[in-house]
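The structure under discussion appears below in the form of structure tokens.
The values are calculated or read from the model by the stated rules, or taken from the named source; none is laboratory data. Being a predicted model, the structure only gives us computed values, none of them experimental. Please note: Cβ atoms are built from the backbone with ideal geometry, for glycine as well, and neighbour counts cover all protein chains shown. All accessible areas refer to the heavy atoms of the entire protein, side chains included, with ligands and DNA or RNA removed. Shrake-Rupley method; radii C 1.70, N 1.55, O 1.52, S 1.80 Å.
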Amino acid sequence: MNTKNSILNTAKTTINLESKAIKNLSKLLTDDFANAVELIYHSKGRVIITGIGKSAIIANKIVATLNSTGTPSVFMHAADAIHGDLGLILEDDVVICISKSGNTPEIKVLAPHIKNAKNKMIAITGNKDSFLGQQADYILDAFVEQEACPNNLAPTTSTTAQLVLGDALAVCLLELRGFSSKDFAKYHPGGALGKRLYLRVNDLSSQNLKPQVALNASLKEVIVEITEKMLGVTAVVDNDQIIGIITDGDLRRMLSKSDDITKLQAKDIMSSNPRRITEDAMAVDAKEVMEEFGISQLLVEHEGKYAGVVHLHDLIKEGII
């Protein structure tokens, strides 16, 4: 067998093995999962998620997912917790402990302290009968038959199972909270995903110059306006109303067809009834119009009057495309 085939077969085996383990998780769900979700939902505190080793890395990811979907969460490394960080846990906080075996030394020290402090504790573990399982108020069963690692040692399938249960928690809480796309945008103002949900056309067009010429503007005036405003286009405007548009392409086509250009005016060159969009429309809507009609600029209106231009490059710059 050649090396490429061997690599692909190993990858397929890994994916199939982990897929099977994930599918089996749904069979392991009990009322403890629903009770854990309701506990977090009704809690007045935060969710503190802790673990050791690879489980700590998974804990960090679950914290990030919960925070971004409306459930305040904090990561606490299990080793640091037993060396001073236990003070991080407040009275109303819910603690989630993640451990494949449920019997690591750090967990054995940490779990009783959480219980003594009267905080509710949720376990995500592959061993329900472990020390952690016995200490927890609720158990989320993350049992897997084997790791994808051929030596059945390196955490692979087990950490995938932990992550999936964390995602399931987050999505259930998201739905209970009625978490909307607007809420998502509020928590992701700097990212491309958030911008798709809150960025409006005016946020982009207001940063651009506003090219415009009158119907009787000369060819020279049109060329100067397009050049100075640097958007590759100018609107043709009469009494603040959009009458037409002239693009770089329109100029090239006109020059290739006309023998005498000295008397040409904007109205002779323009394309009538150009595509336009209102300034309060979402930027992603401008993207869809540009893609549908294969254009790079859209004229912008405010209450029926010409307000500016939004360019394809504006969308690219903001990560909308």
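Here are a few things to note about the model shown:
- Taking Lys and Arg as +1 and Asp and Glu as -1, the other residues whose beta-carbon sits under 9 Å from that of D32 total -3.
- Largest-first ellipsoid semi-axes for the range 1-128, taking √(5λ) over the Cα gyration tensor eigenvalues, angstrom: 32, 17, 14
- Computed helical MRE - 222 nm, the chain, DSSP H runs ≥ 4 contributing -39500 (n - 2.57), nearest 500: -14500 deg cm²/dmol
- Annotated for the range 41-183: lysine pairs at least 8 residues apart or interchain, Cα distance under 22 Å, count 18.
- Normalised convex hull volume, the range 218-321, alpha-carbon set, Å³ per residue: 99
- Accessible area per residue was computed with a 1.4 Å probe on protein heavy atoms; H113 scores about 100 Å².
- Candidates A21, A111, V47 compared by Cα position along the dipole of the range 1-115: farthest toward the positive end lies A21, with charges placed on Cβ.
- Partner lysines whose Cα lies under 28 Å from the Cα of K305, excluding those fewer than 8 positions away in the same chain, are identified as K195, K210, K220, K229, K267, K287, K317.
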